[in-house]
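K.L.:
Dumping the structure here so I can ask a few things about it.
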Amino acid sequence: MVIAAETFPRGGRLNLWCIIDYFEASLNLFQPDFTGNEHVSLFARNVEVNLKEGTEGRIQIDQALKFKICLTYLGKSSVCWEAQCMDLKTDEELANYWIQMVTVDMKDRKPKPFAYLLEDLCPKNLREEPPNGFDLEFKPETAFKHEFVVNWSDTDFNSHLNQADMCRMCVDCGSFAATQNNLSAFSHELVAYDLKRCSFMFMKEARPGEKVLVECWESEGSPLVLNFAFSKENKLITMIQLEYFSGDVNAASKL
């Protein structure tokens, strides 16, 4: 994969949601064939992206990257893939990614034990347990709020708001919070800072035309960790955490 110029819309830094898009595209190359079981679909439950410090600034236009991906866990209704983003010339790892997905019977939209359909993709050294997701944190009443409307271009093959665009919404919401002096470690747009980790926990979905409220707050005692709660009609649908390597020293907080 060669990085195109349009991937760098701001300040010569690769956007996090573009990196997630690349991981998703790589994963799509290894989707199972559900022929004869068209009522079965895969839905994301947990996702995590970890970046090496400075990755967003180090990846350049026309740089060639390669992605390695492997199925690493197979349960009854749960499956995990793990992937690496690497420099094609040096083999240096720039980021890694894991996703836990659930097999769902679309007839009643409930998880069902269809993970066995992926057995042909299994290596010999599978994990005994899936990777651990992050812990949910209490949301304060003072959390910063920003509302979005889901566009068709924000959705995946299930017509659900996808993880890359959720990440973009987090960065936009967090940037408004930071520039309005609501975060103690950040005072500029979040794209200006080096991201360490992005973690997702999905509960429900949002579809085109629906309004989504995103609320942002920093973790107690860890201002470099930002929490984002996505809700629709007052019901929580997704939790996301962004953790940064560093921020600003002198930004005051109102949260």
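K.L.:
As an exercise, take the mean of 1/r over every pair of distinct alpha carbons in the stretch 134-255, invert it, and state the Kirkwood radius in angstroms.
P.N.:
14.4
K.L.:
Roughly what angle does helix 163-179 make with the longest principal axis of the chain, taking Cα atoms, 0 to 90 degrees, to the nearest 10?
P.N.:
10
K.L.:
To make sure I understand, if each residue's beta carbon is the centre and we count other beta carbons within 10 Å, what order do F245, F176 fall in, fewest to most?
P.N.:
Result, fewest neighbours first: F245, F176.
K.L.:
Suppose every K and R has +1 on its Cβ and every D and E has -1 on its Cβ; what is the size of the dipole of the chain about the Cα centre, in Debye to the nearest 20? Spell out each step's value before the answer.
P.N.:
Working: 26 positive and 38 negative charges, 77 e Å.
The dipole of the chain has a size of about 380 debye.
K.L.:
Can you pick out the pairs among K139/K232; K112/K145; K68/K107; K145/K196; K89/K196; K124/K204 whose Cα atoms lie more than 25 Å from each other?
P.N.:
Violating the 25 Å Cα-Cα cut-off are K112/K145; K68/K107; K124/K204.
K.L.:
Provide V104, V47, V2 in ascending order of the number of other Cβ atoms located within 10 Å of each residue's Cβ, fewest first.
P.N.:
Ascending number of Cβ neighbours within 10 Å: V2, V104, V47.
K.L.:
While we're on this one: Using the Cβ atoms and a cut-off under 9 Å, what net charge is assigned to the surroundings of M86, where Lys and Arg are +1 and Asp and Glu are -1?
P.N.:
With Lys, Arg at +1 and Asp, Glu at -1, the net is -2.
K.L.:
Tally Lys and Arg at +1 and Asp and Glu at -1 over the other residues with C-beta under 14 Å from the C-beta of K68: what net charge comes out?
P.N.:
-4
K.L.:
Right, here's the next one. Tell me the relative contact order for the chain as a rounded percent, counting alpha carbon contacts under 8 Å between residues six or more apart.
P.N.:
Details: 543 pairs, mean separation 48.0, N = 255.
About 19 percent, as a whole number.
K.L.:
Report the Stokes-Einstein translational diffusion coefficient (µm² s⁻¹, integer) for the chain, Rh taken as the Kirkwood radius over Cα pairs, at 37 °C with viscosity 0.692 mPa s.
P.N.:
For the chosen part, D equals 171 µm²/s.
K.L.:
Quick one: what does P(r) look like for the stretch 1-133 with 5 Å bins over all Cα pairs, in whole %?
P.N.:
Histogram of Cα-Cα distances, whole percents per bin: 2, 10, 19, 20, 16, 12, 10, 8, 4, 0.
K.L.:
I need S187, S153 ordered by Cβ neighbour count within 10 Å, fewest first. Could the numbers behind the result be given before it?
P.N.:
On the way: S187 19, S153 8.
Least to most surrounded, the residues fall as S153, S187.
K.L.:
Would you work out which of N182, N227, F148 lies farthest towards the positive end of the dipole of the stretch 134-255, given +1 charges on the beta-carbon of Lys and Arg and -1 on that of Asp and Glu, about the Cα centre?
P.N.:
The Cα lying farthest towards the positive end belongs to F148.
Only the coordinates and a few stated rules stand behind these numbers; no lab work does. Treat the numbers as computed from the prediction; the structure is a model and nothing was measured. All Cβ positions, even for glycine, are placed from backbone atoms using ideal geometry, and neighbour counts span all protein chains on display.
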